[in-house]
Amino acid sequence: MSSKRLNLGSKDFISSLPDCLICHILSFVSTKEAASTSVLAKRWRYLFALTPNLEFNDSIYLNSEIANQRKSTFPWITRKKSKTPRSFVDFVDRVLVLHQNVPLNRFSLKCEDVVHPAIIISWLLKVMDRGVLDLDLHISSELGYRLPSEMFCSETLVRLKLGIRDVLTITTEKSVSLPKVKTLCLDYIMVENSVFAKLLSGCHALEELVLNNLFEVKGSCSVFHNTLKRLVVSRSRTFDENHESVSFSTPNLVYLEHSDTIANMYPKVEFNSLVEASLNLRMTSDQIVSAISIEDIDRSPQEEMVGNATNFLMGICNVKILHLSYNTLQVLTYCCKPIPQFNNLIHLTIQSDPEVAWESLPALLKNCPKLETLVFEGLHHKFKNCGEEDKCLCKPWEGEDIPTCLSSSPVKVLKILKFGEIFGDEDIEEQIKQVQHFLETMPNLEQLILYYDTSFDEDVYEVSAQLQWHPRVASSKCKISVISDSLCLSSTVPCSVVSKWGRLL
């Protein structure tokens, strides 16, 4: 029996597979890796060139030592004493020749080094002529690229991703016709507003749009599209200036992710079907300085705003799930008047930071009449003005009978992520007091969940006990859970029997 198993184990099952199945397997790896199989046997020599997906990345050729090691891997390439980028160009040229009679589903090209625009364009024309479905292009543009109009007139393309390390200008004198494109991603692209609008209007079936570090020639951006369902707009913190104008009209959008400095104007914001939004709106450095000056002279942020994102926030007020970064909390404080009424919001996540106050939270929570789940990512905040009237949630009020925004809160589930995470002179006891304050003032709370950032089980037991035996709670039906990587403790309050705690390893 053992000898039979040994014989079976030594059999080459892969070679017995049909070519179509081997090609399917090779399609899941890069073309470079697939090409390395050509030395296995004569049968494998050109199988990699029959795969429906081609993925090229010149990073392997930027190191001459690695390129020399790969020389024996691709024996069918005639090598000369040339620069490594030339070797990469030869490789791509050769594969495209071998692949010219094979259906092409996906073509991915990533060039960290400079390849002449004429060469890049010749490759693009070939794959577009082949009816490619998925095109992913990331190139360096020191020489400047004028993409061929054929890229924007395709009856087969379903996904188009264009990325550039520097700046890539899209010009389309002819009409744009991409009737089957459902996903469009633009990364580090410079484009005029009229061309961008033309590009969107030519994508009749577009469902997902991703804009990473989009450069607008005139500082304005408008996203108008009727079929769009998912939109991601992101610009890194290195861009520290305000857009002149930003507008949105996407009546069927259900998901929005927006990370950018606030614009000077939001003339039109229409998100009629929006379900979920994740916002990281930021003030510029100059606006932050102005905000600090308002604090220093003890003026109310609502009396003098340093920017105005009110129209944008009004435009998303029908959202059901909302994630706000700590930067957005600052925007709500200094750049929004009044804070919108979120009548449909049921799930709210707040990111915290030691340098950002919670002054905007009371008004925000008061304007969420249907809120069921509230999540805090950490319990960090400034301590300025805590306990004065209803400005902040940081500490319990001095007068026990003073109503707060939490006293009428409809929240049923409260989650604290990264509980125990400490920065600078922060104190874990302050975080415990904050949670106890939540217990004291939230009358509809049914579940409190703390995700404790600790590796010590003793810490979990101690915090659990302090919360369990807290003398004053607003909701007697609240269940408390304290969870670490190795331990989960839960109990209802009030509770007088320690054994009710359960342990999960």
Worksheet, complete the sentence: Taking 0.36 nm per residue of separation between Thr373 and Asn101 and subtracting their Cα-Cα distance, the length gained on full extension comes to 92.4 nm
Worksheet item: Say R0 is 30 Å: what FRET efficiency, to the nearest 0.05, do Lys174 and Asn252 get from their beta-carbon distance?
Response: 0.60
Item to complete: Counting other beta carbons within 10 Å of each Cβ, put Leu98, Leu104 in order, fewest first.
Response: Leu98, Leu104
Worksheet item: For the residues Trp123, Trp469, Trp358, what sequence is obtained by ranking on other C-beta atoms within 10 Å, fewest first?
Response: Trp469, Trp123, Trp358
Practice prompt. Return the FRET efficiency for the residue pair Lys382, Ile121: r is the Cβ-Cβ distance, R0 is 56 Å, and the value is rounded to the nearest 0.05.
Written response: 0.55
Response to the item:
Heads up, the stretch 328-378 by the C-alpha gyration tensor (a ≥ b ≥ c square roots of eigenvalues; a/c under 1.5 rounded, else a/b over b/c prolate, else oblate) looks oblate
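Over 18 Å between Cα atoms, which of Lys370/Lys418; Lys229/Lys412; Lys370/Lys433; Lys412/Lys477; Lys110/Lys174; Lys268/Lys366 qualify?
Exceeds cut-off: Lys370/Lys418; Lys229/Lys412; Lys370/Lys433; Lys110/Lys174; Lys268/Lys366.
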Worksheet entry | Efficiency of FRET between Thr492 and Gln341 - r from beta-carbon atoms, R0 35 angstrom, step 0.05 | 0.55
Item to complete: With θ set to phi - 60°, apply the Karplus curve 6.51 cos²θ - 1.76 cosθ + 1.60 along the stretch 100-105 and write out the HN-Hα couplings as whole Hz, x wherever there is a Gly or Pro.
Response: 5, 9, 10, x, 10, 8
Response to the item:
Here, Phe456 and Asp427, labelled 7 Å along Cα→Cβ, have an inter-label distance in nm of 1.7
Practice prompt. Tell me the label-point distance for the pair Val275, Lys320, using the 7 Å Cα-to-Cβ offset, in nm and rounded to one decimal.
Written response: 0.6
Practice prompt. Enumerate the amide H contacts of Val269 below 5 Å, restricted to partners 5 or more residues apart or on another chain; note that Pro and chain-start residues carry no placed amide H.
Written response: Phe248
Worksheet item: How many nm is it between the label spots at Asn264 and Glu155, if each spot is 7 Å from the Cα in line with the beta carbon?
Response: 4.6
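Read the figures in this text as sums done on the coordinates, not as results from a lab. Given the structure is predicted, the values throughout are model-derived calculations rather than measurements. Cβ: placed from backbone, ideal geometry, glycine included. Neighbour counts: every protein chain shown.
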